[in-house]
Amino acid sequence: MSREEWLEERLRPSLAQKLRIDRQLYRDKTEHQDLIVFEHQLYGRVMALDGIVQTTEADEFVYHEMMTHVPILAHGAAKRVLIIGGGDGGMAEEALKHPLEKLVQVEIDRTVVDIAREHLPSISGGAYDDPRMELLIADGARYVQETDERFDVVIVDSTDPVGPGEILFSQEFYAGCKRCLTPGGIIVTQNGIPFFERYAVENTYRRLGTLFQDVSFFLAPVPAYIGGFMAFGWGTDDKTLRCQPLETLAGRFAGLGTKLRYYTPAIHQAAFAHPQFLVDILEAVESENA
């Protein structure tokens, strides 16, 4: 009988989760990180980078639906969207459900895109074949500093703030994203699990707060990312966009003519309601500058 293999994801110095590798589909060291794709009894196919779970077939819809449909439907007239990261293609697949004119995705690691398309095709669907889609294999932090393109929504689908993903949480990067936005545009960011990663929420709140008139977070539970709900950063200069009436969101959503698995207009509104411990974190940051 062969010995079981497990992926141990070290989340904190005293905390880890283990996923049994039922069948390994791919593993290699890319130019930037260690990449593995494997099958798991509960999550289906799983992709991990440097030992950290990035996406799974079973629950990716929560993460990808919320990070795309919340800003695009809140904006109401988005035609051009930029995705930084998102090599699995799930963010692009959801964004392209909207009547966009152009979607640009900037991913630093070509191997992540290629392996996801080969082993996780259900996540990206036909996104990479859509004529509105432009995939650039490049440094996203450099792209936002140098491009002449402008976007209505910028989605930062980054890894955690370590290794290649660390710069995507920096003040300089956020300023570059602001530079790329059209007036009244929206940036959304991946901000981890605030119950464990208070620092990520604090830092993003401080940094976006120097750039945008309206900064907040919206929330969603993603089962593979243990520790409670995930926080997504929000920044815009149009303070009305975060408070769209339910009827407005429902009308825009109905216009898509599609049924999603997690997102609803009511969930959209509720996602901006914060539990008290998160309110306390944000108020503590605000008091620093009082």
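The values are calculated or read from the model by the stated rules, or taken from the named source; none is laboratory data. Every value quoted in this text rests on a predicted model; they were computed, and no experiment measured them. Every residue, glycine among them, receives a Cβ derived from its backbone with ideal geometry; neighbour counts consider all protein chains shown.
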### Task
Out of Gln105, Gln33, report the one residue that is in contact with a strand residue (DSSP E or B) (Cβ under 8 Å, 6 or more places away or on another chain), at pLDDT 95 or above and within 21 Å of Ile167 (Cβ to Cβ).
Gln105
### Message
I need the strands (runs of 3 or more DSSP E) fully contained in segment 1-54, keeping only those with at least 2 residues that are within 20 Å of Asp88 (Cα to Cα) and in contact with a Lys or Arg (Cβ under 6 Å, 6 or more places away or on another chain).
### Response
34-40
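Under 22 Å from Trp234 (Cβ atoms), among the charged types (D, E, K, R) and not assigned by TED's automatic domain parsing to the domain that holds Arg27: does that describe Glu94? Please lay out each step first, then the result.
Values: under 22 Å from Trp234 (Cβ atoms): yes; among the charged types (D, E, K, R): yes; not assigned by TED's automatic domain parsing to the domain that holds Arg27: yes.
Yes: the conditions hold for Glu94.
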### Query
Taking into account only those residues within segment 118-151 that are of a type in the set (Gly, Ala, Ser) and part of a loop (DSSP other than H, G, I, E, B), which is nearest to Leu103 (Cα to Cα)?
Gly126
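Restricting attention to segment 170-188, which residues are of a type in the set (Gly, Ala, Ser) and part of a helix (DSSP H, G or I)? Spell out how you get there, then give the answer.
In the first step, residues of segment 170-188 are kept if they are of a type in the set (Gly, Ala, Ser); the result is 170, 175-176, 184-185.
Ala175, Gly176, listed by residue number.
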### Query
Quick one: is Tyr263 under 30 Å from Tyr43 (Cα atoms) and touching a His at 6+ places or on another chain (Cβ under 6 Å)?
yes
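Conditions tested, residue by residue: (1) more than 18 Å from the chain's Cα centre (by Cα); (2) at pLDDT below 95.
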| residue | (1), (2) |
| --- | --- |
| Leu82 | no, no |
| Leu100 | yes, no |
| His119 | yes, no |
| Ala141 | no, yes |
| Ile155 | no, no |
| Gly163 | no, yes |
| Ser170 | no, yes |
### Message
I'm told Met67 meets every condition in (1) outside the structural domain of Phe173 (by TED's automatic domain parsing); (2) among the aliphatic types (A, V, I, L, M); (3) within 17 Å of the chain's Cα centre (by Cα) except one. Can you identify the failing condition by its number?
### Response
(1)
### Task
Filter segment 25-35 for residues that are under 15 Å from Thr55 (Cα atoms) and without any contact (Cβ under 8 Å) to a residue 60 or more places away in the chain and give the result.
Asp34
### Message
If Ala77 meets every condition in (1) within 25 Å of Glu166 (Cα to Cα); (2) in a loop (DSSP other than H, G, I, E, B); (3) assigned by TED's automatic domain parsing to the domain that holds Asp238; (4) of a type outside the set (Ser, Thr, Tyr) apart from one, which number is that one?
### Response
(1)
